[in-house]
Amino acid sequence: MKRLAMILFLGTCITACGGGSSEGTTTASETSSTENTKTAGGNPSYDPNRGEGKFTKVELGETLDAAMAANGQKVFEVKCVSCHKLTSEKLVGPGWLGVTERHTAEWIMNFATNTDAMLDKDPKAQAQLEICLVRMPNQNIADEDARNVYEFMRKNDGVK
Amino acid sequence: MKNYKLLPVAVFAFSLLLGFNACKPKNAGSAVSSDAAAKTYVAPGKYDEFYNFVSGGFSGQLSTYGLPSGRLLRVIPVFSVDPEKGWGYSEETKPMLNTSHGFVPWDDLHHVQLSKTNGEYDGRWVFGNANNTPRVARIDLKTFRTAEIIELPNSGGNHSSPFITENTEYVVAGTRFSIPPDDVNGDVPISTYKKNFKGTISFISVQKDNGAMDIAFQLRCPGFNFDLSRAGKGVSSGWFFFSTYNTEQAYTLLEVNASQKDKDFVMAINWKKAEEYIKAGKGRKQSVKYAHNVYDEKTHSSTSTIKTEVTIMDVKDFPDIAYFFPCPKSPHGCDVSPTGEYIVGSGKLAALIPVFSFDKMIKAIAAKDYIGNFDGIPILKYESVLYGEVKKPGLGPLHTEFDDKGNAYTSMFVSSEVVKWNIKDLKVLDRAPTYYSVGHLCVAGGDTKKPYGKYLVAYNKITKDRFLPTGPELSQSAQLYDISGDKMQLILDFPTIGEPHYAQIVAADLIKNNSTKFFKMEDNKNPYFSNGEGGTKVVRTGNRVDVYMTAIRSHLTPDNIEGVKMGDEVYFHVTNLEQDWDVPHGFAIKGALTGELLIMPGETQTLKWVPDRVGISPFYCTDFCSALHQEMSGYVRVSPAGSNVPLKFGTGKIEPTADSVKTK
């Protein structure tokens, strides 16, 4: 009886230890495996031109919407100008000149509003991070503001 | 965390495998069962099930732990300055610690109460009391920041506080040290205690929508020591119960002289009745002076208003609002059961726990079953109010909380144990040792109408050998017990800040989803807010220099400032331009006779600096924010008084500019 109790107790101890550590391992491997499937390379469904976020198709006018661009400039002056110049010169982040030619509107607006997720998986965003070494802050820009900022970028890139 | 917990278990199992039998319980540490680690283990990245708000005692602060892990989540500065968070150092927070005596940098926070709706926690605010310079604070549980502090006139030693009513209608505050009222000449011999000293109970109203506090009225009571209190609930709604000691009215060597009588009193207050009298204009206006301090989340700054009047009622003039009933030997805790039917008095020098019946008390009042009166207040007969006594519970009962199964748990200071007993039959069911000398205890939801049960934490006054030695002073220990079964089971020790008194345990779900992540810049109404780097500037007004500065990963704007002179007072108004969770920036400058600023995203905070020497003073961000955090710094050039160095400022390059001109 005493022996049986000992065996049971040992079993409990081992299970307790094993259970504890395996839980830890599972959590770790789950995280890394999810990350793997989420990286752009490992996931053919990821569209590197669009990025990841709520914007799938952004309608652009033939000509500049000056009112939208003006609103976008206001947001830029509060939330973006600390790190981005309007020339091609890098400050903390890359200069904005030509940005609308380097990326699609969807990519830019997704990056601006879903920053952390894209920094974790988007190849172009990750390449920039290697240069700048500062993760772009999520500045909690509203959808409408993101669109206005994009229009301001178009203006900066010479769209009339 | 995990490794430390599992290590002893693993070693134990391993030694068994090797055939050693080194596992005989030898000391208190061995009293822990083998599954304790699993019960308190919260995996990395996982949340705890409960928040535990724990008073910081003589630290003056409020700590927040996760349970069952015992992990310290945050220390919220309340009544004491906290240079780490700029609390009491930034211009915006200095008014929070103002009192009628001026700026008080320290206090002693004893008790913690979560706001309630229908007698259950609602997760909106937590209140704390200042024992030394009597005040009550309200902490907002969206921001985990002290939102309001109100001072209490006519009071000394605010101890029976901040206990609250079922729907947070009132927070009470009772004087532990009776004193002459504020509006009379207090320059009297101490030996005139009986004649001149009065006890005061304050009822602080709390606005339903925003929590704003106001002293609704004060009750003037006989001069003795009001210790602890609890509101009635359920059947006893509308009543409040206060324990008292020193009904001997001693004023020296209280240790002996306040322990003469066999019984002191519990004071029952019919606060609904008192409220009616106040509404009917029965109160008397008294001229006093007290501070009321409010922190505004929009201006990110606080204001302190000195108020000059309070409404007071002398309980002896209103015979139906206050009653005494005797309670053995200097009662401490005075705790009300979940149904509100029973009031548990804990005579700290008594060898039994009296349990009083609310129903019997009402009947005794109706029958005028008095044994006399004290200062005109009727004293009910002990036996007429008593439901029963818990016999031989242990030594030195202090505090009682309740579980979800009809049981009560009382801390026993002298015999160092927690005793579980049944509220109905008053039989002792279990006792568990504490290490050592437990003061307060706390059951999850244990003062509500619907306790969660599950866990109990004992807050011990003596630590001795529980943790690695750290010199003469040791962190006081908290001990977590699993109370879900018939037997209480010790599952964790963890250290605390200051000296913990009361604490509360609340389901994390009530709070965690409401947590503020950042302050919207659009809503920032601080008068020194810089709306983006374009809004930064340096303005001189006489010898006052206002620096409108911004912080964002990873630079400060402006980061070069020249033209500051000896004799100037420089105010750095730093706006954190980040709009994301968990990205505070810090600010500090060499030689500043103050703390740092810790600025939350979207917030503006101000540091005052008076340069004391000519030269260059570096400043920098103190909170590691990005890979280029080490680069987040700048310089101020200080020139002699009367120097003609012009005011210049900027980031990137210095451009000579006039006052108030915007930089780019």
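Quick note: the coordinates plus some simple rules give every number you see, no bench work behind them. This structure is a prediction, so every number in the text was calculated from the model and none was measured. Counting neighbours? That spans all protein chains shown, and the Cβs are built from the backbone with ideal geometry, glycine included.
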Within segment A:127-151, which residues are assigned to a helix (DSSP H, G or I), within 14 Å of another protein chain (Cβ to nearest Cβ) and out of contact with any Pro (no Cβ under 9 Å at 6 or more places or on another chain)?
A:Leu129, A:Glu130, A:Glu144, A:Asp145, A:Ala146, A:Val149
Options A:Glu106, A:Glu101; residue that is farther than 15 Å from A:Arg50 by Cβ and assigned to a helix (DSSP H, G or I)
A:Glu101
Quick test of your reading of the structure: B:Asp314 fulfils all but one of (1) surrounded by fewer than 21 Cβ atoms within 10 Å (Cβ to Cβ); (2) over 30 Å from B:Leu386 (Cα atoms). Name the failing condition by number.
(2)
From the option list B:Pro500, B:Pro527, single residue qualifying as of a type outside the set (Asp, Glu), more than 11 Å from every other protein chain (Cβ to nearest Cβ), out of contact with any Lys or Arg (no Cβ under 7 Å at 6 or more places or on another chain) and closer than 30 Å to B:Ser34 by Cβ is B:Pro500
Please go through segment B:633-655 and pick out each residue that is part of a loop (DSSP other than H, G, I, E, B) and in contact with a strand residue (DSSP E or B) (Cβ under 6 Å, 6 or more places away or on another chain).
B:Ala641, B:Ser643, B:Val645, B:Pro646, B:Leu647, B:Thr651, B:Ile654
Go through segment B:338-357 and give me each residue that's in contact with a strand residue (DSSP E or B) (Cβ under 9 Å, 6 or more places away or on another chain), in a loop (DSSP other than H, G, I, E, B) and surrounded by fewer than 23 Cβ atoms within 10 Å (Cβ to Cβ).
B:Gly340, B:Glu341, B:Lys348, B:Leu349, B:Ala350, B:Ala351
Any idea which residue in segment B:31-56 is farthest from the other protein chains (Cβ to nearest Cβ), counting only those that are of a type in the set (Ser, Thr, Tyr) and assigned to a loop (DSSP other than H, G, I, E, B)?
B:Tyr47
Tell me the residue from B:Gly567, B:Gly563 that is part of a strand (DSSP E or B), on the phi > 0 side of the Ramachandran plot and more than 14 Å from every other protein chain (Cβ to nearest Cβ), please.
B:Gly563
Which of the residues belonging to segment B:600-619 are surrounded by fewer than 18 Cβ atoms within 10 Å (Cβ to Cβ) and part of a strand (DSSP E or B)?
B:Lys608, B:Gly615, B:Ile616, B:Pro618
Just give me the residues in segment B:459-481 being among the hydrophobic types (A, V, I, L, M, F, W, C) and either surrounded by 12 or more Cβ atoms within 10 Å (Cβ to Cβ) or touching a His at 6+ places or on another chain (Cβ under 6 Å) (or both), in sequence order.
B:Ile462, B:Phe467, B:Leu474, B:Ala478, B:Leu480
